[in-house]
Amino acid sequence: MREDEPTIFVAGAMMALLGLAGATLTIGLVAPWGEHWPRWIPYLRGRRIPPPVVIVPSMGVAALLVSAGKGWYVSAALGRLPEELFGPNWATVVFGATLPIWAIALGAAGYAYWLRRRGVCSRCGRGRPDTANSTCGALLD
């Protein structure tokens, strides 16, 4: 394969780096450091990250992962996977099988981020420490 496609290792390294970046950003959804821009980003360093900048992409990627995972499961049920479960390319099967789990985890992390950053209700004050049990049902700011 190296002779047919010499850039295969560069593509593999880029995919690995994207996976690492995705995992780091997913952890940022639940970690306190995910609320402010890092200091190495010029002009934005230290400022609060607007919640939609984080929530919209995380939910979009979660939806894409559900779609991709569904495709893997449908292909597996129909017997159309090109790889065998314990064949030489077993890692691709394992990766495809875990896509829905990753999608659920990412969606839950995005929802938790929204809950943490949603603000205070203008009607009942939900979101303040002293009104934790208020249940007015109003949309939050």
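The values are calculated or read from the model by the stated rules, or taken from the named source; none is laboratory data. Here the structure is a predicted model, which is why all the values come from computation and not from measurement. Cβ placement follows ideal geometry from the backbone for every residue including glycine, while neighbour counts extend to all protein chains displayed.
In table form, for the structure just shown:
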read-out	value
Residue match in region 81-88 (condition: among the acidic types (Asp, Glu) and part of a helix (DSSP H, G or I))	no
Matching option when the condition is at pLDDT 85 or above and surrounded by 10 or more Cβ atoms within 10 Å (Cβ to Cβ), among Leu20, Leu25, Leu44	Leu44
Within region 86-115, tally of residues that are in contact (Cβ under 8 Å) with a residue 40 or more places away in the chain and farther than 11 Å from Leu65 by Cα	5
Test result for Trp72, of a type in the set (Phe, Trp, Tyr) and closer than 16 Å to Arg117 by Cα	no
Residue list for region 28-41, restricted to those being surrounded by 10 or more Cβ atoms within 10 Å (Cβ to Cβ) and farther than 25 Å from Arg118 by Cα	none
Flag if Gly110 is at pLDDT below 85, surrounded by 12 or more Cβ atoms within 10 Å (Cβ to Cβ), within 24 Å of Ala23 (Cβ to Cβ) and of a type outside the set (D, E, K, R)	no
Qualifying positions in region 80-101 - out of contact with any helix residue (DSSP H, G or I) (no Cβ under 6 Å at 6 or more places or on another chain) and modelled with pLDDT of 75 or more	Val94, Phe95, Ala97, Thr98, Ile101
Residue that is nearest to the chain's Cα centre (by Cα) [pool: residues in region 20-48 that are part of a helix (DSSP H, G or I) and of a type in the set (Val, Ile, Thr)]	Thr26
